[in-house]
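The values are calculated or read from the model by the stated rules, or taken from the named source; none is laboratory data. The structure displayed is predicted, hence computed values, not measured ones. Using ideal geometry, Cβ is built from the backbone for each residue, glycine included, and neighbour counts are taken over all protein chains shown. The accessibility values were calculated without ligands, DNA or RNA, using every heavy atom of the protein model including side chains. Shrake-Rupley method; radii C 1.70, N 1.55, O 1.52, S 1.80 Å.
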Amino acid sequence: MENFVRPRPVFPKRAVITAGMPYGNKLLHYGHVGMAVRADIFARFMRDRIGKDNVIFVSGTDCYGSPAVESYRKLKENGQITNETIQQYIEKNHLAQAQIFKDYEVGFNLYGASALGRSGQIHNQTSEEFIDALNNAGMVSKHSSLQFYDTTFKTLLNGRQVVGKCPIQGCQSEKGYADECGLGHQYLPQDLIDPVSTLSGKRPELVKIENLYFNLEQCTPLLEEWISSIERQPDTASFMVKEIKEFFKKPEVYIKREYFAKLDEIKNKLPHFQQAEIGEKTPSTTIVFDTLADREKACEILAANSIRYRTGKTLTPFRLTGDIEWGVPCKEIQGVKNQTFYVWPESLWAPISFTKTYLEQIGAPKDEWKKYWCSKDAQVYQFLGEDNLYFYGPAQQAMFMATQGKNFKFDAPEGQLQITKICPIKSILYMNSKASSSGALKPPMATEFLNYYTPEQFRMHFMAMNLSNNNVSLSPKAFDKDADPNAVDPMVLEGNLLTNVYNRVLRSVFYSMQNDFSSTIPNETVDQEILDSCKKTILDVEMFMANKKLHQVYNAIDVFIRNINKYWVKESASAVDEKQKAKLIVNTLQMIVTADILLHPVVPSGAEKVAAMLGLDANKTFNWDNIFKPFQTMLDVAKGGKIVEIKEKEDFFKRHPWQLEQLAKQN
């Protein structure tokens, strides 16, 4: 055991990183930016680790769908929009979103838009290619499904124009829409509880409409194979496996005790089912059916007999098309024409469209995108919230498999779309409560945070959140009217590592070089003990990054930087002559440069500033091929070992002016 060497993680030759796509009807709140920041940290790490030319980081505005249509309708109805088309409305929001991400140093290779410009054109082409591939695989079916219809306005209602209660057992969502709730649960429109039209305020009718569906329910065996293959991988979130497995259950219905007598009267009318044993105090019973069709028929019978019920999670046909006018046009398939794609499926392949768009922009060959999405040498990492697991999990992975053609397999051959790696997080609460744009508690907008906190503080805080298996609350003091004025602001705790500890040791080393060595790095070698200490932290951070444990990355960097400061304080006391001071400086600089490399994905501008002031060559420094070498090998030869002189009390990492004002008031 003494000679055990932990194996280093294996990284792909090429990588795509995606972040969740915000709807085009809104600006960004803290959750949108926080998710993108976490994806950006990983993308920047991968650029340093495997080479920036081998990494593509994409996202974009989710332009289409009922949320955009409904928001635009309400704004126009209220007179807040007059001479603006829905496309202009979306484009305005898209540009604002892109700027906000830029303000937080989120470095996309492309922030596209599914309906705008060249990315929109390519997305239309990709959508047609997808529906053809799925249809050729025999996985597209035409169904006469029920859709809500407002008899007062004489119009079919899109998803967000119907509001009710989610029928899924145990769901805590504040709102259920036509066929999905705010937490991403999918269900049939007829199962929505107490539906109301947002147009008339009345209960809408259900009418039959022909739509195209992906036969997702047929993919259960392959999806079970997929989950089994990733279940024990160290970077697989345990909650993700648990939640996705729930969809593999047979179709279920839950009925409360108060309806047991009625249920007994009509049991013989229901399709074949199995029922859990009922005890004297059992609050509800579970009825399990063999097929989804059997459950649908049973639900009709239950409803006709005034028996209230809830449905359980199961795989259902995944809707591909709808009648909403604002959407990606869908070609005629199986006699279904004049329809557009339902927003969820086309948003799942949108990152492919954005990858194609970016590669076209840099002059790459037309099929270059396949080296990133269809190669076993590459990996796609998708950062998303827990409530989108159904879509990026069962729905997307099954559709990607089906693009292989008939008799498709879980393990796609080279040249076909590969399974992506899902990197989900639990919920980011606000003041210990669930906040959402459509809920009662609205989350603060991302632009508001910049009035009180720096982007670096925000990024450090969101990296340090342990969201791998826990909900974590965001509790910024600037927004908490009940906060103790003398308490430390939770939003700046991690940032204090930079503005306090790291600043302090950086200033000390710079002052020493300015005062004792004419602003020149001393010509001394780094001790092997120091190199070994740096190597240990580097390997720890590498492993934590590979497993997407960003909070552990923060913890490792925190300990390392604090140890740099302790080392400087301790050794300074005995460093009296020039050689001792020189040795102290180069040893400390080795640790500082290591910290700077590890911080680069998190606080890129600050890390690059430190490197430049130390006279380092950025291309050599932020390249993991050199990370274990003495820092002198990374120096910019043209600068001759000269550092940039600093002023007294100069800060490399700064606090926000608002925070300085608060400190001044306390003093």
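A few points about this structure:
- Against the test of being out of contact with any Ser or Thr (no Cβ under 6 Å at 6 or more places or on another chain) and at pLDDT below 95, the options LYS406, LYS442 yield a single qualifying residue, LYS442.
- Whichever residue in the stretch 125-135 is surrounded by 17 or more Cβ atoms within 10 Å (Cβ to Cβ) and in contact with a Ser or Thr (Cβ under 9 Å, 6 or more places away or on another chain) and, among such residues, is farthest from GLU210 (Cα to Cα): THR126
- Residue within the stretch 402-421 that is over 16 Å from PRO490 (Cα atoms), in contact (Cβ under 8 Å) with a residue 40 or more places away in the chain, open to solvent by less than 50 Å² (accessible area, probe 1.4 Å) and part of a strand (DSSP E or B) present: yes
- Qualifying positions in the stretch 598-607 - in a helix (DSSP H, G or I) and open to solvent by 10 Å² or more (accessible area, probe 1.4 Å): SER605
- Test: residue in the stretch 361-370 that is closer than 20 Å to PHE318 by Cβ and at pLDDT 95 or above: no
- Residue that is farthest from PHE631 (Cα to Cα) [pool: residues in the stretch 517-531 that are β-branched (Val, Ile, Thr) and not in a helix (DSSP H, G or I)]: THR520
- The single condition among (1) more than 20 Å from the chain's Cα centre (by Cα); (2) open to solvent by less than 10 Å² (accessible area, probe 1.4 Å) that ILE17 does not meet is (1).
- Identity of the residue in the stretch 323-347, open to solvent by 10 Å² or more (accessible area, probe 1.4 Å) and among the acidic types (Asp, Glu), that ends up farthest from the chain's Cα centre (by Cα): GLU332
- Complete set of residues in the stretch 136-181 that are more than 19 Å from LEU192 (Cβ to Cβ), touching a residue at least 24 places away in the same chain (Cβ under 8 Å) and either assigned to a loop (DSSP other than H, G, I, E, B) or open to solvent by less than 50 Å² (accessible area, probe 1.4 Å) (or both): ALA137, GLY138, MET139, VAL140, SER141
- If you go through the stretch 620-631 and keep only what is buried (at least 16 other Cβ atoms within 10 Å of the Cβ) and either assigned to a helix (DSSP H, G or I) or on the phi > 0 side of the Ramachandran plot (or both), you end up with LYS620, THR621, TRP624, ASN626, PHE631.
- Among the residues of the stretch 235-282, the ones that are charged (D, E, K, R), in contact with a strand residue (DSSP E or B) (Cβ under 6 Å, 6 or more places away or on another chain) and not in a loop (DSSP other than H, G, I, E, B) come to 2 in all.
- Test for ALA350: is it modelled with pLDDT of 95 or more and open to solvent by 20 Å² or more (accessible area, probe 1.4 Å): no
- Cross-chain or 6+ apart pairs with Cβ under 6 Å, the stretch 643-667 first and under 15 Å from ASN515 (Cβ atoms), then modelled with pLDDT of 90 or more and assigned to a loop (DSSP other than H, G, I, E, B): ILE643/SER519; ILE643/LEU614; ILE643/GLY615; GLU645/SER519
- Matching option when the condition is out of contact with any Lys or Arg (no Cβ under 6 Å at 6 or more places or on another chain) and either assigned to a loop (DSSP other than H, G, I, E, B) or of a type outside the set (A, V, I, L, M, F, W, C) (or both), among VAL610, VAL644: VAL644
- Output for the stretch 146-179, where each listed residue is among the acidic types (Asp, Glu) and touching a Phe, Trp or Tyr at 6+ places or on another chain (Cβ under 7 Å): ASP179
- Matching entry among VAL553, VAL509 (being under 24 Å from VAL644 (Cα atoms), assigned to a helix (DSSP H, G or I) and open to solvent by less than 30 Å² (accessible area, probe 1.4 Å)): VAL509
- Residue list for the stretch 453-500, restricted to those being more than 23 Å from ILE425 (Cβ to Cβ) and touching a Lys or Arg at 6+ places or on another chain (Cβ under 6 Å): ALA483, THR499
- Positions within the stretch 422-438 being buried (at least 18 other Cβ atoms within 10 Å of the Cβ) and either among the small types (Gly, Ala, Ser) or assigned to a strand (DSSP E or B) (or both), in sequence order: ILE422, CYS423, PRO424, ILE425, SER427, ILE428, TYR430, ALA435, SER436, SER437
Matching residues to (1) hydroxyl-bearing (Ser, Thr, Tyr); (2) more than 33 Å from the chain's Cα centre (by Cα); (3) buried (at least 16 other Cβ atoms within 10 Å of the Cβ):
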position	(1), (2), (3)
VAL576	no, yes, no
LYS581	no, yes, yes
MET591	no, no, yes
VAL610	no, no, yes
ALA618	no, no, no
THR633	yes, yes, no
GLY641	no, yes, yes
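- Residues of the stretch 6-55 that are farther than 24 Å from TRP369 by Cβ and without any contact (Cβ under 8 Å) to a residue 24 or more places away in the chain: PRO7 alone.
- Scope the stretch 315-344; condition in a loop (DSSP other than H, G, I, E, B), of a type in the set (Phe, Trp, Tyr) and either in contact with a Leu (Cβ under 7 Å, 6 or more places away or on another chain) or closer than 17 Å to SER145 by Cα (or both); matching residues: TYR342
- Here LEU223 fulfils each of the conditions (1) surrounded by 13 or more Cβ atoms within 10 Å (Cβ to Cβ); (2) out of contact with any Pro (no Cβ under 6 Å at 6 or more places or on another chain) apart from (2).
- So ASP194, is it among the charged types (D, E, K, R), outside any helix (DSSP H, G or I) and either touching a helix residue (DSSP H, G or I) at 6+ places or on another chain (Cβ under 7 Å) or open to solvent by less than 30 Å² (accessible area, probe 1.4 Å) (or both): no
- Any chance LEU359 is crowded, with 17+ Cβ neighbours inside 10 Å, under 16 Å from the mean Cα position of the chain (by Cα), aliphatic (A, V, I, L, M) and in a helix (DSSP H, G or I): no
- First in the stretch 507-534 and of a type in the set (Asp, Glu), second anywhere and part of a helix (DSSP H, G or I) and surrounded by fewer than 17 Cβ atoms within 10 Å (Cβ to Cβ), Cβ under 9 Å, 6 or more apart: ASP516/GLU578; GLU524/LYS579
- Residues of the stretch 116-152 satisfying the condition of being hydrophobic (A, V, I, L, M, F, W, C) and over 16 Å from ASP323 (Cα atoms): LEU116, ILE122, PHE130, ILE131, ALA133, LEU134, ALA137, MET139, VAL140
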